[in-house]
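What follows draws every value from the coordinates through simple rules; no lab data is involved. Everything numeric here is computed off the predicted structure, so don't read it as measured data. Here the Cβ is made from the backbone with ideal geometry for all residues, glycine too, and neighbour counts use every protein chain on show.
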Amino acid sequence: MTDKTSEITAVCHVRAPLLLEPVDAQIETLQACESEGAIDDLLLRSWPKEVSLSAESPHQEVLENYERFAEWADERGVTVRPPFRERSTTSQVTGETRELLVTPLLCLELYADDELVGVFPHSDEATEDTYTTDEAIATLRTGELPTPLGSVAEADEDLESATTDTCPDCGGSLIDGQGLFGCSDCGWVGTVTEFGRYEPQSDRSAEEREPSVAETR
């Protein structure tokens with residue numbers, strides 16, 4: 001059941017002005033959840049069907065939301081692509097190609113005490129399961145908080161298993177020099193990504209920072 005000690009906030013993003021069925025029914029159910037106390041606050045936000053993936057886009061808030069949703073999904077080993085989709089379009093007049101982000105008709109994000117705990121819909125590519133907004137809203141209506149596919153624990157476990165002290169080139173031992181890893185056997189130098197994978201530094205970066213690794217030996 002929903003933890004009543006936590007304040008549950010639902011933020012519903014929907015394309016405007018396409019408030020058509022079944023979206024209307026979903027919003028009506030969310031409004032009922034708020035009136036019945038299943039959620040504490042309901043915020044409705046509209047967004048366009050497509051936004052430009054550029055720093056000059058007038059819809060930076062949409063792009064920031066998308067990045068936040070994608071980061072949340074990555075932490076749990078799930079994906080929000082789809083329902084979000086990226087595509088290219090080329091103007092027949094100017095020949096200019098633009099990268100666009102296509103938004104879903106409806107997207108729901110849930111917060112417990114200001115902590116993002118769910119983005120719907122999302123999918124688990126490994127199992128090909130999808131947790132839809134319909135399912136999430138139906139769960140809210142019963143008084144329960146939807147449990148997303150995947151889990152932070154699984155993501156942390158994957159990160160721990162991926163991050164070892166083994167050189168990706170020769171299998172030798174790596175030495176951690178303040179976030180820069182160096183191999184004492186083959187001289188490989190690199191960093192670890194947020195997903196726990198080692199990637200080499202550029203030659204210039206390696207030359208500039210290698211002494212800091214050597215100092216730790």
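Some points to look at:
- Summing +1 for each Lys or Arg and -1 for each Asp or Glu among the other residues whose beta-carbon sits under 15 angstrom from that of Leu100 gives +1.
- With the largest listed first and rounded to whole Å, the semi-axes of the equivalent ellipsoid of region 89-134 from the Cα gyration tensor are 33, 16, 9.
- Among residues other than Gln60 with Cβ under 13 Å from its Cβ, the summed charge is -3 (Lys and Arg +1, Asp and Glu -1).
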